[in-house]
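Below is one structure, written out as structure tokens; the observations come after it.
The values are calculated or read from the model by the stated rules, or taken from the named source; none is laboratory data. In this text, all values refer to a predicted model and were calculated from it rather than measured experimentally. FYI the Cβ positions are ideal-geometry reconstructions off the backbone, even for glycines, and counts take in every protein chain you see. Remember, those area values only see protein heavy atoms, side chains included, never the ligands or the DNA or RNA. Shrake-Rupley method; radii C 1.70, N 1.55, O 1.52, S 1.80 Å.
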Amino acid sequence: MSIDVVVLARFLLTGIALLLAFLAAVTWHRRKEAPEATTFALLAASMAVYAFGYAGEIAQTTVAGAQRWLDVEYLALPWAGGLWVLAALRHNGVRVRLRAVLLFVIPVITFVGHYTNFHNLFYTAPMTLVHRGPFWVLQMERGPLSMLDNSFLLVSFLVGSWVYVSGFRHASPLYRKQAAILVLSSLLPFAGYFVFLANLSPWGLDIAPITLGLTCVLMFYGIFYCGIFDLAPVARNLIFNSIRDAVLVLDMHDRLLDFNPAACTLLPVLNKNSLGTEVSGWLAGIPDFAHALEQSEKPIELAIGRDAGSRFYEIRKWPLFSSSLTGASRQVGRAVIFAEVTAQIQLREELRLRAETDSLTGIANRRRYYQALETECLLFARNRSPFSVLMIDLDYFKEVNDQYGHQAGDTVLRCVAQRLETSLRKTDLVARYGGEEFSVLLPETSEVGAMAIAERIRIAMTKDPITMDGFTIPVSVSVGISSCSADNAADPEKLLKEADLALYRAKATGRNRVEVI
Ligand code: GH3
Ligand code: MG
Ligand code: MG
């Protein structure tokens with residue numbers, strides 16, 4: 001009967017050791033899925049060695065035999081505390097980096113201490129075997145190093161539990177169950193070890209390996225049924241299904257592997273039957289998208305719809321890699337993400353317009369005018385097509401302000417801008433160049449043509465005075481012209497300066513005139 005209990009205990013402990021080894025292997029295999037997985041795998045492996053050593057120890061009937069198995073246990077036992085704390089910290093996102101080494105200073109001391117028993121600091125007297133119930137239990141007198149070893153283990157379990165408890169307190173609802181399981185499993189070995197040290201265990205046996213077995217079962221439950229390591233994919237799925245960006249997952253042959261609800265909204269042709277089929281097939285009806293998919297890997301912008309109803313998408317492609325058991329990774333497909341950027345594009349367009357528009361009159365400002373003039377000069381270098389510049393200044397405008405007020409002056413400026421715009425071609429550009437000075441760019445217009453246009457403008461201004469609030473305000477303009485023709489080079493600064501000079505001459509020679517330099 002007594003033999004049966006020992007065999008049973010060995011059997012149980014060996015089973016626990018195998019279970020821990022299996023757990024270590026599983027977590028090692030999945031070590032990329034959770035930050036603490038590698039540490040946890042090492043911890044489980046060390047616990048397996050401990051349980052295995054203890055299974056050997058309890059069956060011994062000689063001190064030498066029991067000590068041999070204790071040596072096996074001590075291959076793993078000193079490291080458990082450090083690994084336990086490290087796993088808890090990593091799980092809770094604490095970045096320990098090189099400081100992790102500090103957790104293993106005491107384990108190194110106790111590891112060496114156990115095997116050398118330096119100056120009897122670990123064991124103060126030779127070990128003996130005492131008969132307790134059906135077992136022979138190794139009895140030892142603990143020295144300061146052994147005390148340190150035990151205290152470190154206890155404190156480590158305590159710190160680990162505390163870290164898990166604080167993790168539980170801050171865990172999001174999604175992680176609550178997982179966090180609770182970790183707290184519970186972190187308390188169990190601590191409790192077992194405490195019971196053993198307080199001599200409360202049956203026959204003075206170390207029940208920590210049994211509590212480790214329970215921890216192991218709990219962890220297994222956590223991993224496979226509560227999804228400790230599966231929560232990341234769960235969260236990923238949640239994001240995949242709820243984000244507003246449309247996502248298509250394609251294999252290396254551009255066959256559709258997956259898509260999210262946002263993709264269905266954007267591409268109504270998508271349905272379950274599209275899975276496994278080549279995208280070119282069902283995207284044929286939407287050439288813009290098909291074209292975007294063929295483009296290079298760089299992000300591109302795509303407009304769907306016309307004018308005001310247009311929606312804009314930024315299309316990005318990400319290569320997808322899969323890592324094999326050997327750790328080598330190879331591309332297995334790509335994810336195509338369609339992010340709607342209509343609001344950003346509209347804002348960008350609005351900012352651009354504002355930067356190029358004169359706020360009083362709503363026509364182009366000096367900046368836009370200068371850019372257009374520069375472009376025209378570049379074009380001229382290529383096609384030698386003549387173009388002209390008009391510089392228009394209102395005559396005696398100060399008097400308008402003085403007589404009718406500044407606001408009336410503003411209204412006059414707006415009217416003049418409008419008149420200029422309506423009297424010119426769509427290809428011409430009218431800009432407010434300064435206070436009451438306007439400038440016009442006339443592409444494909446020679447000096448003669450520009451003179452005719454300027455004259456037309458001048459006459460139109462004097463012919464129709466501006467009426468407002470019962471007043472009639474006469475308006476006249478002076479115009480300076482400069483042109484770029486085949487025999488001179490196009491230089492924006494030079495053209496503006498010449499037009500200014502001509503305008504100056506028009507002013508000097510009586511105003512309400514057109515002059516060419
Ligand atoms: P000139 O025939 O020599 O051009 O005489 P002028 O009175 O028009 O003289 P000048 O061009 O030097 O004066 C420009 C005046 O235009 C001065 C300023 O009060 C007025 N002005 C400039 N910008 C604005 C504006 O935005 N609104 C109004 N109401 N007046 C402006
Ligand atoms: Mg002026
Ligand atoms: Mg003026």
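Some points to look at:
- Karplus 3J(HN,Hα) series, Hz, for region 407-414 with 6.51 cos²θ - 1.76 cosθ + 1.60 (x for Gly, Pro): 5, 4, x, 4, 4, 4, 4, 5
- Computed label-point distance, nm, for sites E297 and S476 using a 7 Å Cα→Cβ extension: 7.0 nm
- Gyration tensor (alpha-carbon) shape descriptor, region 75-134, a/c threshold 1.5: oblate
- Distance between the C-alpha centres of region 334-365 and region 463-515: 33 Å, rounded to the whole angstrom.
- Our summary of shape: the Cα atoms of region 385-477 have principal axis extents of 45, 24, 21 Å, ordered from largest down, in whole angstrom.
- Nearby lysines by direct alpha-carbon distance to K494 (threshold 26 angstrom, same-chain neighbours under 8 apart not counted): K426, K507
- Taking a sphere under 10 Å around the Cβ of L89 and counting the other residues whose Cβ falls inside, with K and R at +1 and D and E at -1, yields a net charge of +2.
- With R₀ fixed at 51 Å, the C-beta to C-beta distance from D288 to A489 puts the FRET efficiency at about 0.75.
- Restricting attention to the chain, close to 90% of DSSP beta bridges with both partner residues there are antiparallel.
- Tensor-based shape of region 442-488 (alpha-carbon gyration tensor, a/c under 1.5 rounded, otherwise prolate or oblate): prolate
- Spin-label model distance (nm) - D71 vs N117, 7 Å beyond Cα toward Cβ: 1.2 nm
- Once C-alpha pairs closer than 8 Å and six or more residues apart are averaged by separation and normalised to the residue number of the chain, the relative contact order reads 8 percent.
- For the chain, alpha-carbon Rg over 2.2 N^0.38 Å: 1.81
- Multiplying the residue separation of R511 and R176 by 0.36 nm and subtracting their alpha-carbon distance yields 112.2 nm.
- Full extension of the chain between R169 and T265 gives 30.7 nm of extra length, using 0.36 nm per residue less the Cα-Cα distance.
- Estimated from helical segments only, the mean residue ellipticity of the chain at 222 nm is -18000 deg cm²/dmol, where each DSSP H run of four or more residues counts as -39500 (n - 2.57).
- Residue by residue, region 430-438 carries 3J(HN,Hα) couplings of 9, 9, 8, 7, x, x, 10, 10, 10 Hz when phi is fed to the Karplus relation 6.51 cos²θ - 1.76 cosθ + 1.60 (θ = phi - 60°); x denotes Gly or Pro.
- Cut-off 12 Å between beta-carbons: net charge of the residues surrounding H253, Lys and Arg +1, Asp and Glu -1: -1
- Highest average first, the peptides 79-86, 23-30 ordered by how many other beta carbon atoms sit within 10 Å of their residues are 79-86, 23-30.
- Per residue accessible area of the chain, 1.4 Å probe, in Å²: 54 Å²
- Surface composition of the chain: carbon and sulfur atoms hold 61% of the protein heavy-atom accessible area at a 1.4 Å probe.
- Of all DSSP beta bridges in region 357-516, antiparallel share, percent nearest 5: 80 percent
- In degrees, nearest ten, helix 342-356 long axis to first principal axis of the chain (Cα): 40 degrees
- The angle separating the long axis of helix 366-383 from the principal Cα axis of greatest extent in the chain is about 80 degrees.
- Region 1-155 shape via C-alpha gyration tensor axes, a/c threshold 1.5: oblate
- Principal axes of region 243-347: Cα extent on each, largest first, Å: 53, 30, 24
- Protection proxy ranking of 491-500, 456-465, 196-205, by the mean of other Cβ atoms within 10 Å over each peptide's residues and highest first, is 491-500, 456-465, 196-205.
- Helix 63-91 and the longest principal axis of the C-alpha atoms of the chain enclose an angle of approximately 20°.
- Estimated FRET transfer efficiency when R0 is 25 angstrom, pair V7-Y221 (beta carbons, to 0.05): 0.30
- Extension gain, D251 back to W28 (0.36 nm per residue minus Cα-Cα distance, nm): 77.5 nm
- Karplus-derived 3J(HN,Hα), 6.51/-1.76/1.60, for each residue of region 43-50, Hz, glycine and proline x: 5, 4, 5, 5, 5, 4, 4, 4
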